[in-house]
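**Q** Shown below is the structure under consideration.
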Amino acid sequence: MSDNVISKGFSKFATTIADLSGKPATFVLAVVLVIVWAASGPVFDYSENWQLVINTSTTIITFLMVFVLQNSQNRDGKALQAKLDELILTSQAQNKFVGIEKLDEQQLREMSQKLAEKAQCVEEVAEDKAEQGERRPA
């Protein structure tokens, strides 16, 4: 079985599980299961096995969900990045921003600082123009 088939299959599975896990009904089901477990405590005399059931179940589910949700999040991030790259490339924006997600943390901070300074300058120019417009007699 090729890696591509496995990857596509897992992506489809991850998307389905992520969609289902985000539904209100899934949350309600989880709450009901916890309530049933808690209510069964007296029946099992709050034994170690009774506690082990919920601890083991939630640990396994959490462990597996990390991989499923990370896969979905990674694909969403890549798709969003591709869309942004397309917008940059088809607009008058600077092409130097295509692929900046691959920069290291320090480079991203520096670029962010430069953009913040540029935005501040643009904001000041806009405010100056607005003030000049207000001063002109009608």
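The values are calculated or read from the model by the stated rules, or taken from the named source; none is laboratory data. All of these numbers come straight from a predicted model, not from anything done at the bench. FYI the Cβ positions are ideal-geometry reconstructions off the backbone, even for glycines, and counts take in every protein chain you see. Note: accessible area is taken over every heavy atom of the protein model, side chains too, but ligands, DNA and RNA are not part of it. Shrake-Rupley method; radii C 1.70, N 1.55, O 1.52, S 1.80 Å.
**Q** Can you confirm whether residue 132 is assigned to a helix (DSSP H, G or I), open to solvent by less than 100 Å² (accessible area, probe 1.4 Å), modelled with pLDDT of 85 or more and more than 21 Å from residue 74 (Cβ to Cβ)?
**A** So residue 132 fails the test.
**Q** Quick check on the range 77-114: of everything there that is in a helix (DSSP H, G or I) and of a type in the set (S, T, N, Q), which residue is nearest to residue 17 (Cα to Cα)?
**A** Checking each candidate, the answer is 81.
**Q** Could you give me the residue pairs with C-beta distances under 9 Å whose first residue belongs to the range 102-120 and is farther than 20 Å from residue 85 by Cα and β-branched (Val, Ile, Thr), whose second residue is at pLDDT 85 or above and surrounded by 10 or more Cβ atoms within 10 Å (Cβ to Cβ) wherever it lies, and which are 6+ apart or on separate chains?
**A** Between residues of the range 102-120 that are farther than 20 Å from residue 85 by Cα and β-branched (Val, Ile, Thr) and residues that are at pLDDT 85 or above and surrounded by 10 or more Cβ atoms within 10 Å (Cβ to Cβ), there is no close pair.
**Q** Kindly indicate whether any position in the range 62-76 is in a helix (DSSP H, G or I) and more than 30 Å from residue 8 (Cα to Cα).
**A** No, because not a single residue in the range 62-76 is in a helix (DSSP H, G or I) and more than 30 Å from residue 8 (Cα to Cα).
**Q** So which residues in the range 2-57 are outside any helix (DSSP H, G or I) and on the phi < 0 side of the Ramachandran plot, if there are any at all?
**A** Within the range 2-57, 2, 22, 23, 40, 41, 42, 43, 44, 47 qualify.
**Q** Please determine whether any residue of the range 68-90 is without any contact (Cβ under 8 Å) to a residue 24 or more places away in the chain and farther than 28 Å from residue 7 by Cβ.
**A** Within the range 68-90 (the criterion being without any contact (Cβ under 8 Å) to a residue 24 or more places away in the chain and farther than 28 Å from residue 7 by Cβ), the answer is yes, since at least one residue qualifies.
**Q** May I ask you to say which residue of 10, 44, 63, 27 is more than 30 Å from residue 97 (Cα to Cα) and in contact with a helix residue (DSSP H, G or I) (Cβ under 6 Å, 6 or more places away or on another chain)?
**A** On inspection, the qualifying residue turns out to be 44.
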